[in-house]
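Read through the structure below, which is laid out as structure tokens, and then see the notes.
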Amino acid sequence: MKSKISVPTIPLDEAVDRVTRFRNQLVKNVPETNIPRAVFIPISDLLAIVNQYVTLGADGADINELSGVRAYFAVKESDMDLPDDVTAVIVPVDKQNNDIIYKTSGDVLKSGDDNDDTEIYDFTQPCPSFCDTRSPLYIP
């Protein structure tokens, strides 16, 4: 049964080619054990972000204020020597394609004294620690 999602998919062989090409390009500059394979992003965490930005319209319908989320690849300082050190931090993205870095109250940016009041989330799990090693996209 074909999915009702309207975003395009690609064939498996093209996906494998892209993943392989990515790894081959990085292997020239990065030790093999440090090349990121993937990051796992829990649906429950994504839905929690989405639900924060749903408002009720005048007609009673839900209005989502986001166009999506953006994943920035990152390495924690404490993970610098680990082979699976690449994770991603997630930020919500508004309808104008801007990262939402700080929580806002109306038009006032609350960036002042509280650096913990950001919309930057760290809930991804890196692969190879959290991988499907049987996947055809897991390129050795």
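The one condition from (1) assigned to a strand (DSSP E or B); (2) at pLDDT 85 or above; (3) not hydroxyl-bearing (Ser, Thr, Tyr) that ALA74 does not meet is (2).
Residue-by-condition table, conditions (1) touching an Asp or Glu at 6+ places or on another chain (Cβ under 6 Å); (2) surrounded by 10 or more Cβ atoms within 10 Å (Cβ to Cβ); (3) within 26 Å of VAL93 (Cα to Cα); (4) small (Gly, Ala, Ser):
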{"residue": "LYS4", "(1), (2), (3), (4)": "no, no, yes, no"}
{"residue": "ARG18", "(1), (2), (3), (4)": "no, yes, yes, no"}
{"residue": "ASN34", "(1), (2), (3), (4)": "no, yes, no, no"}
{"residue": "ALA38", "(1), (2), (3), (4)": "no, yes, yes, yes"}
{"residue": "ILE43", "(1), (2), (3), (4)": "no, no, yes, no"}
{"residue": "LEU46", "(1), (2), (3), (4)": "no, yes, yes, no"}
{"residue": "LEU56", "(1), (2), (3), (4)": "no, no, yes, no"}
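Screening VAL108 with (1) surrounded by fewer than 14 Cβ atoms within 10 Å (Cβ to Cβ); (2) among the β-branched types (Val, Ile, Thr); (3) over 22 Å from GLU32 (Cβ atoms); (4) modelled with pLDDT of 80 or more gives one miss only, at (4).
If you take the residues in segment 119-140 that are under 16 Å from the mean Cα position of the chain (by Cα) and of a type in the set (D, E, K, R), which one is farthest from LEU66 (Cα to Cα)?
Once the filter is applied, the top-ranked residue is ASP122.
Considering only residues that are within 12 Å of PHE73 (Cβ to Cβ) and at pLDDT 80 or above, which ones fall in segment 24-36? Of everything in segment 24-36, just one residue is within 12 Å of PHE73 (Cβ to Cβ) and at pLDDT 80 or above, namely LEU26. Inside segment 13-53, residues that are outside any loop (DSSP other than H, G, I, E, B), under 21 Å from the mean Cα position of the chain (by Cα) and not polar (S, T, N, Q) make up a count of 18.
Just to be sure, is ASP84 at pLDDT 85 or above, among the charged types (D, E, K, R) and surrounded by 13 or more Cβ atoms within 10 Å (Cβ to Cβ)? No.
The values are calculated or read from the model by the stated rules, or taken from the named source; none is laboratory data. Here the structure is a predicted model, which means the values were calculated and not measured. So basically every Cβ, Gly included, is an ideal-geometry build from the backbone, and we count neighbours across all protein chains shown.
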